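Encoded as structure tokens, the structure appears first; notes follow it.
The values are calculated or read from the model by the stated rules, or taken from the named source; none is laboratory data. On a predicted model such as this, the values are computed, not experimentally measured, just so you know. Neighbour counts are summed over all protein chains in view; Cβ atoms, including those assigned to glycine, are modelled from backbone coordinates with ideal geometry.
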Amino acid sequence: RTVYVNGEYLPETEAKVSIFDRGFLMADAVYEVTSVLDGKLIDFHGHAVRLARSLTELDMQQPCSESELLEIHRELVKRNNIEEGLVYLQVTRGSDGDRDFVFPPEDVKPTLVLFTQNKPGLADNPAAKKGAKIISIEDIRWGRRDIKTTQLLYPSMGKMMAKAAGCDDAWMVEDGYVTEGTSNNAYFVKNGKIVTRPLSNEILHGITRKAVLRLAAEAQMEIEERLFTIDEAKEADEAFTTSASAFVMPVVEIDGVKLGDGTPGPIAKRLREIYLEESR
Ligand code: PDD
């Protein structure tokens, strides 16, 4: 793979970041994942806007302009021949060569790293035809989940808990209400109405969420943004998640309870179709 580090395109084995980098030592870093279909970036502008917001919220410098970022994304997609896959981008606060809780001075430049992940068959993912089995776990993450930081240890542990239970993913629950999935936004459907948690500091403002809700509204589907419990989701007709890496993923089981007949529901399937059609 050819990767990008601070202005240079390099073979992945030659790419280097300091061991003192705050991204490494303190998870002082934000990231974006943008999908690629037919060699084209999906919703690049949305990801660029959210990245700028994450950086601003953390008082971190913007590493470069949106058009420069677009150029780097396109160059990596081209150099790595990505037809279907992902572009991962990370910005860290960099380092002045030591470990310190205090942020480094202004003249310390942020670290910018990008790499691609080749995923042939991403759009035609067989997992989406089966649907995902979900467990629920307590949400014990920090309170600024709207900032896309690389503090992914707990979501990663949640995924492992799901695997250990023979499932695919976990939905997190706080004060009795579902926040989101480990790396996706969460929805259920009851009597034709799509229910999802409203935007706040408690969840990531998904780029795919925004697109899917717009497409659902255009298709005259009913949408309600409100808090919901895991028990409500278990009694739903169907459920699904959205993310840049899995688009719309039907959910067929929650905590061992089958939703409907235990196969992907019509609304989740339709939204996946519409989203993929519209994106390509
Ligand atoms: N995750 N919620 C969380 C906690 C996420 O990590 C993500 C994305 C989403 C969906 O956001 P979007 O639709 O913009 O991808 C919601 C990425 C894909 C990841 O961590 O790989």
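One table, with the values for the structure above:
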item	result
Subset tally (residues that are more than 16 Å from the ligand (Cβ to nearest atom), outside any helix (DSSP H, G or I) and among the aliphatic types (A, V, I, L, M)) for region 248-276	4
Residue in region 92-110 that is charged (D, E, K, R), under 19 Å from the mean Cα position of the chain (by Cα) and modelled with pLDDT of 95 or more present	no
Residues of region 94-147 satisfying the condition of being buried (at least 19 other Cβ atoms within 10 Å of the Cβ) and under 24 Å from GLU75 (Cα atoms)	GLY94, PRO110, THR111, LEU112, VAL113, LEU114, THR116, LEU122
Given (1) within 27 Å of TYR31 (Cα to Cα); (2) more than 14 Å from the ligand (Cβ to nearest atom); (3) more than 19 Å from the chain's Cα centre (by Cα), number of the condition ASP168 does not satisfy	(3)
Cβ-Cβ under 7 Å pairs, at least 6 apart or on other chains, region 43-59 side assigned by TED's automatic domain parsing to the domain that holds GLN90, far side more than 12 Å from the ligand (Cβ to nearest atom) and of a type in the set (Asp, Glu)	ALA48/GLU66
Residue among GLY143, GLY192 that alone is within 18 Å of the chain's Cα centre (by Cα) and over 21 Å from ALA246 (Cα atoms)	GLY143
Count - residues of region 214-228 that are exposed (fewer than 14 other Cβ atoms within 10 Å of the Cβ) and either closer than 16 Å to GLY256 by Cβ or out of contact with any Ser or Thr (no Cβ under 9 Å at 6 or more places or on another chain) (or both)	6
Among (1) under 24 Å from THR229 (Cα atoms); (2) of a type outside the set (Val, Ile, Thr); (3) assigned to a loop (DSSP other than H, G, I, E, B) - the single one GLY121 does not satisfy	(1)
Single condition SER200 does not satisfy, out of (1) within 13 Å of the ligand (Cβ to nearest atom); (2) hydroxyl-bearing (Ser, Thr, Tyr); (3) under 27 Å from GLY85 (Cα atoms)	(3)
SER245 under 27 Å from GLU84 (Cβ atoms) and either within 16 Å of the ligand (Cβ to nearest atom) or surrounded by fewer than 17 Cβ atoms within 10 Å (Cβ to Cβ) (or both)	yes
Scope region 232-247; condition assigned to a loop (DSSP other than H, G, I, E, B), hydrophobic (A, V, I, L, M, F, W, C) and within 26 Å of ASP43 (Cβ to Cβ); matching residues	ALA244, ALA246
Residue list for region 45-69, filter: surrounded by 15 or more Cβ atoms within 10 Å (Cβ to Cβ) and either among the hydroxyl-bearing types (Ser, Thr, Tyr) or under 16 Å from PHE115 (Cβ atoms) (or both)	HIS47, LEU51, SER54, PRO63, LEU69
Filter result for ALA211 (in contact with a Leu (Cβ under 6 Å, 6 or more places away or on another chain), under 30 Å from GLU277 (Cβ atoms) and crowded, with 16+ Cβ neighbours inside 10 Å)	no
Among (1) in a helix (DSSP H, G or I); (2) more than 16 Å from the ligand (Cβ to nearest atom), the one test that ALA48 misses	(2)
Which numbered condition VAL33 misses (of (1) within 16 Å of the ligand (Cβ to nearest atom); (2) not in a strand (DSSP E or B))	(2)
Qualifying residue in region 205-219 (condition: farther than 20 Å from ASP43 by Cα and either within 11 Å of the ligand (Cβ to nearest atom) or in contact with a Phe, Trp or Tyr (Cβ under 9 Å, 6 or more places away or on another chain) (or both))	no
